[in-house]
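Here the structure comes first, spelled out in structure tokens, and everything after it is commentary.
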Amino acid sequence: MTARSEKKFVEKNLPNFYNFLSKNNAIEIYKQRKILSIYFDNDSLQSYYDAEEGTRPRRKIRLRRYYNTNYFLKLNKLSDFFKQKFSLEKKITEFNTNYKLVNKIIFNKNYLSIIDEQYGFMKPVKIVLYDRSYFKLPNDRITIDNNIRYYTVNNNNSFILNNIINYSIVEFKTGQNIFLSQSNNFNTLQSRYSKYLTSFF
């Protein structure tokens with residue numbers, strides 16, 4: 001089995017990266033779409049600090065929904081999302097393994113708070129909205145995230161826009177080092193990059 005490497009990096013010059021994709025005959029495998037994620041944490045932001053420090057075991061819990069590219073977030077309360085379909089995702093990092101649990105849910109008031117076995121009472125604290133594009137090289141998959149917007153959820157379950165990112169995040173899952181051998185052509189490599197962590201900056 002070929003070992004795979006996963007790298008995320010900041011790209012401030014997308015035309016340069018798209019030129020790389022074209023030269024290497026990359027193909028678009030899915031249509032671009034918007035992704036909305038609602039992140040949960042407890043009052044001490046323990047999930048945030050555990051992720052920042054690389055603590056194991058740790059968990060990241062979010063609701064995720066996909067929209068068409070023409071979707072525009074006009075809402076300002078979590079209750080405006082009620083009755084919509086979401087995926088409840090729990091990304092679990094243990095001492096020797098990482099995995100993700102996913103359940104399909106209908107968002108309602110019952111999900112304005114959850115009880116987690118590690119972090120206890122958790123509530124929505126951040127929302128991230130961005131565009132994602134999907135490409136494939138012969139043995140590699142690439143996603144490009146741009147137009148990243150961060151929102152802060154208030155105690156009354158309303159939310160406000162607090163930051164817009166002016167760069168893109170590219171994730172490369174590769175087994176052949178096509179990207180890694182040319183990484184000096186791109187911007188700063190990131191061994192770890194978390195939109196949830198960045199939402200606090």
Study note, to complete from the structure: Of the residues in segment 20-58, those that are over 16 Å from D116 (Cα atoms) and among the acidic types (D, E) come to E28, E52, E53
Review point. Only one of (1) in contact with an Asp or Glu (Cβ under 9 Å, 6 or more places away or on another chain); (2) in a helix (DSSP H, G or I) fails for R59. Which number is that?
Key: (2)
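Yes/no matrix, rows are residues, columns are (1) more than 22 Å from T152 (Cβ to Cβ); (2) within 19 Å of the chain's Cα centre (by Cα); (3) of a type outside the set (V, I, T):
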site	(1), (2), (3)
F17	yes, no, yes
D41	no, yes, yes
S44	no, no, yes
F72	no, yes, yes
Revision key, fill the gap. Flagged pairs (Cβ under 6 angstrom, 6 or more apart or on separate chains; first in segment 4-29, aliphatic (A, V, I, L, M); second open to solvent by 80 Å² or more (accessible area, probe 1.4 Å)) are V10/T188
Study note, to complete from the structure: Flagged in segment 140-193 as at pLDDT 80 or above and not in a strand (DSSP E or B), in numbering order, are D140, N154, N155, N156, N157, I165, N166, Y167
Revision key, fill the gap. For I106, the lone unmet condition from (1) farther than 30 Å from K74 by Cβ; (2) open to solvent by 60 Å² or more (accessible area, probe 1.4 Å); (3) touching a strand residue (DSSP E or B) at 6+ places or on another chain (Cβ under 9 Å) is (1)
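The values are calculated or read from the model by the stated rules, or taken from the named source; none is laboratory data. Note that this is a predicted model, so its numbers are computed, not measured. For neighbour counting, all protein chains shown are included, and Cβ atoms are generated from backbone atoms with ideal geometry for every residue, glycine included. The accessibility values were calculated without ligands, DNA or RNA, using every heavy atom of the protein model including side chains. Shrake-Rupley method; radii C 1.70, N 1.55, O 1.52, S 1.80 Å.
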